[in-house]
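Asks: Got a structure here, written out as structure tokens. Questions coming.
The values are calculated or read from the model by the stated rules, or taken from the named source; none is laboratory data. All values derive from a computational prediction rather than experimental measurement. Here the Cβ is made from the backbone with ideal geometry for all residues, glycine too, and neighbour counts use every protein chain on show.
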């Protein structure tokens, strides 16, 4: 089977032109990191994790380094992943001092005792399992700190509602036909401490079933939870339906039920892709065509 | 429209005979508390909250007072609820010192800024919004403390895996045709601190859509999350399918995907009910027939 990979860097307002080149290079690097794994016969799960880690480590995406700050001025991260061939999942929510939330979610999955750890307990689990710890200010970029400070100095609502995209995610199909999905975020800007969004919720931000499809969603997290968006999009693939159409239908249901805006990437077991968004913009990277030959021939498309 | 109400007190091993009478009276009181609201023209949301609060306050159910303890010997509660007519939801996870988690989840919904708060942040929100706080040991019953101590003194695994049911939940249809669902739990016995289970996850333990159905699920929480069980059961009602059949089909999918065991209660917009479980036992209360006339005539069925 020819592998396929789709990654995203969030859905929301358009990326300011001053940031486009850097975000484009971040998405390119993340795509290539995941793609290298797939064309060497690696698993879909490894590919989505590697692509996600690369974006978490990039300061211009809202995940890991560069996360949005809470109203307390701290970083609390959410992430989840799912292996569509085993239905194994791992998720973490509202966790501080975590450099790569997707690696912690994967460790939760591998440990196997639970699938979802949050807050203090997730942080303790990370320490006990030897995951790299981040100092309190290590994940805070000057850009995010300035944004938080500007809101504090202003009257409030205007800047909070200015939704800058940047949640990251990936879906992959490997050469053995396995599908996987991963999503990671710093959450919504100026959120309450302890707020968990769709990126940590299996069925909302992330879902994968190797018989049906894999999805990573992003946008208005509260509404994505209410609509179980990723699960809905995957369910709409039942019977071999077209992913492009399923992605649009899932978002139409979200709009009808909640009026929320979102975007999603969707991949089916045949490697067919769906990308749709109701926000102004969505950052994605994908390779046109598919298969190993396309490493050289397929054209990498990166949209920021 | 004639109202309907279904409540449950968990799925798992059979209730020990010494506890059956007390659990039966708890379920009866909870059912009547919710039913009183419905027959007086109250909302489905108020009914499921009131039934759930009554069971949280009862010491023989694993929610609120009487919750299972974590491996640290503490109580950390999960709960969620959903109004199927507005798609509004509220959820809390891994929260300490909370007497009635379902009331906190409802406060999160009413506040409206987020839908899911966990850990420290959920606890702060509860304090700031004036919800009753519980002292560290106030929710720990002698029965649960003894169980936790017995595991500490023993070799371990045997008692941890002895799954005593007791998560609580309710689904209701009110006279205006609105559906709602609620679920609350202390979680799995001897869990890690910070573990969040299906009861806090919209789409897993709880889902409601007034056009399709309302569901509260319980059982192997990790597997219920992987299978998005409540969302799956509600989706299976699409097109007016029979809830009894949908409940069985949803559990069959759970079994196939994860081998987990669970139970669920399901209600459709016509007041038709589905109850199914793959565990040894499930505690439920429902009134045969429906409508205001059944306050006197309908027979209350309580199974523990």
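Asks: Kindly establish whether residue A:236 is in contact with a helix residue (DSSP H, G or I) (Cβ under 9 Å, 6 or more places away or on another chain) and under 25 Å from residue A:26 (Cα atoms). Break it down into steps so the answer makes sense when it comes.
Replies: Values: in contact with a helix residue (DSSP H, G or I) (Cβ under 9 Å, 6 or more places away or on another chain): yes; under 25 Å from residue A:26 (Cα atoms): no.
Taking the combined requirement at face value, the residue does not satisfy it.
Asks: Report, by residue number, each residue of the range B:6-25 that is over 23 Å from residue B:247 (Cβ atoms) and either in contact (Cβ under 8 Å) with a residue 12 or more places away in the chain or in contact with a helix residue (DSSP H, G or I) (Cβ under 6 Å, 6 or more places away or on another chain) (or both).
Replies: Looking only at the range B:6-25, we keep the residues that are over 23 Å from residue B:247 (Cβ atoms), and these are B:16-22, B:25.
The answer is B:19, B:20, B:22.
Asks: Answer yes if at least one residue in the range B:154-168 is more than 9 Å from chain A (Cβ to nearest Cβ) and modelled with pLDDT of 95 or more, and no otherwise.
Replies: Looking only at the range B:154-168, we keep the residues that are more than 9 Å from chain A (Cβ to nearest Cβ), and these are B:154-168.
Pick out the ones that are also modelled with pLDDT of 95 or more and you get B:167-168.
Yes, the range B:154-168 contains at least one residue that is more than 9 Å from chain A (Cβ to nearest Cβ) and modelled with pLDDT of 95 or more.
Asks: In addition: Among the residues of the range B:258-267, is there at least one that is at pLDDT below 95 and either over 26 Å from residue B:15 (Cα atoms) or within 12 Å of chain A (Cβ to nearest Cβ) (or both)?
Replies: Start the filter on the range B:258-267 by keeping residues that are at pLDDT below 95, which leaves B:259.
Okay, now just the ones that are also either over 26 Å from residue B:15 (Cα atoms) or within 12 Å of chain A (Cβ to nearest Cβ) (or both), so B:259.
Yes.
Asks: Select from the range B:128-147 the residues that are outside any loop (DSSP other than H, G, I, E, B) and away from every other protein chain (no Cβ under 14 Å) and write down the one among them that is nearest to residue A:96 (Cα to Cα).
Replies: Going through the range B:128-147, the residues outside any loop (DSSP other than H, G, I, E, B) turn out to be B:128, B:133, B:142-147.
Pick out the ones that are also away from every other protein chain (no Cβ under 14 Å) and you get B:133, B:142-147.
Working: B:133: 25, B:142: 34, B:143: 35, B:144: 31, B:145: 31, B:146: 34, B:147: 32 Å.
Looking at residues that are outside any loop (DSSP other than H, G, I, E, B) and away from every other protein chain (no Cβ under 14 Å), I get B:133.
Asks: Given the residues A:216, A:176, which is the only one that is more than 10 Å from chain B (Cβ to nearest Cβ) and part of a loop (DSSP other than H, G, I, E, B)?
Replies: On the way: A:216 fails: part of a loop (DSSP other than H, G, I, E, B).
A:176 is the lone residue from the list that is more than 10 Å from chain B (Cβ to nearest Cβ) and part of a loop (DSSP other than H, G, I, E, B).
Asks: Being facing another protein chain (nearest Cβ under 10 Å) and under 12 Å from the mean Cα position of the chain (by Cα) narrows it down to one residue among B:211, B:193, B:204; which is it?
Replies: From the options B:211, B:193, B:204, the qualifying one is B:204.
Asks: I'd like to verify a number: residues in the range A:96-127 that are more than 9 Å from chain B (Cβ to nearest Cβ) and part of a strand (DSSP E or B), how many?
Replies: 1
Asks: Go through the range B:1-95 and tell me which strands (runs of 3 or more DSSP E), entirely inside it, have 1 or more residues that are within 14 Å of another protein chain (Cβ to nearest Cβ).
Replies: Values: elements: B:4-12, B:77-83, B:88-95.
The strands (runs of 3 or more DSSP E) meeting that bar are B:77-83, B:88-95.
Asks: Something else now. Among the residues of the range B:227-248, which ones are assigned to a helix (DSSP H, G or I) and either more than 14 Å from chain A (Cβ to nearest Cβ) or touching a strand residue (DSSP E or B) at 6+ places or on another chain (Cβ under 7 Å) (or both)?
Replies: If the condition is that a residue be assigned to a helix (DSSP H, G or I) and either more than 14 Å from chain A (Cβ to nearest Cβ) or touching a strand residue (DSSP E or B) at 6+ places or on another chain (Cβ under 7 Å) (or both), then B:229, B:230, B:231, B:233, B:234, B:243, B:244, B:245, B:246, B:247, B:248 are the ones that fit.
Asks: Could you check the range A:193-213 and list, in sequence order, the residues that are closer than 21 Å to residue A:240 by Cα, in a strand (DSSP E or B) and touching a helix residue (DSSP H, G or I) at 6+ places or on another chain (Cβ under 7 Å)? Quick ask: steps written out before the conclusion?
Replies: Going residue by residue through the range A:193-213, those that are closer than 21 Å to residue A:240 by Cα are A:203, A:206-213.
With in a strand (DSSP E or B) added as a condition, the list becomes A:206-209, A:213.
Those that are closer than 21 Å to residue A:240 by Cα, in a strand (DSSP E or B) and touching a helix residue (DSSP H, G or I) at 6+ places or on another chain (Cβ under 7 Å): A:206, A:207, A:209, A:213.
Asks: Taking the range B:237-248 only, how many residues are surrounded by fewer than 22 Cβ atoms within 10 Å (Cβ to Cβ) and within 20 Å of the chain's Cα centre (by Cα)?
Replies: Step one: filter the range B:237-248 for residues surrounded by fewer than 22 Cβ atoms within 10 Å (Cβ to Cβ), giving B:238-242, B:244-245, B:248.
With the extra rule that they be within 20 Å of the chain's Cα centre (by Cα), the set shrinks to B:244, B:248.
So the count comes out to 2.
For every residue, the table says whether it meets (1) within 30 Å of residue B:190 (Cβ to Cβ); (2) surrounded by fewer than 24 Cβ atoms within 10 Å (Cβ to Cβ).
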{"position": "A:112", "(1), (2)": "yes, yes"}
{"position": "A:116", "(1), (2)": "yes, no"}
{"position": "A:133", "(1), (2)": "yes, yes"}
{"position": "A:141", "(1), (2)": "no, yes"}
{"position": "A:147", "(1), (2)": "no, yes"}
{"position": "A:151", "(1), (2)": "no, yes"}
{"position": "A:154", "(1), (2)": "no, yes"}
{"position": "A:186", "(1), (2)": "no, no"}
{"position": "A:190", "(1), (2)": "no, yes"}
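Asks: For the condition farther than 18 Å from residue A:145 by Cα, surrounded by fewer than 24 Cβ atoms within 10 Å (Cβ to Cβ) and modelled with pLDDT of 95 or more, what is the one hit in A:36, A:78?
Replies: Working: A:78 fails: surrounded by fewer than 24 Cβ atoms within 10 Å (Cβ to Cβ).
The unique qualifying residue is A:36.
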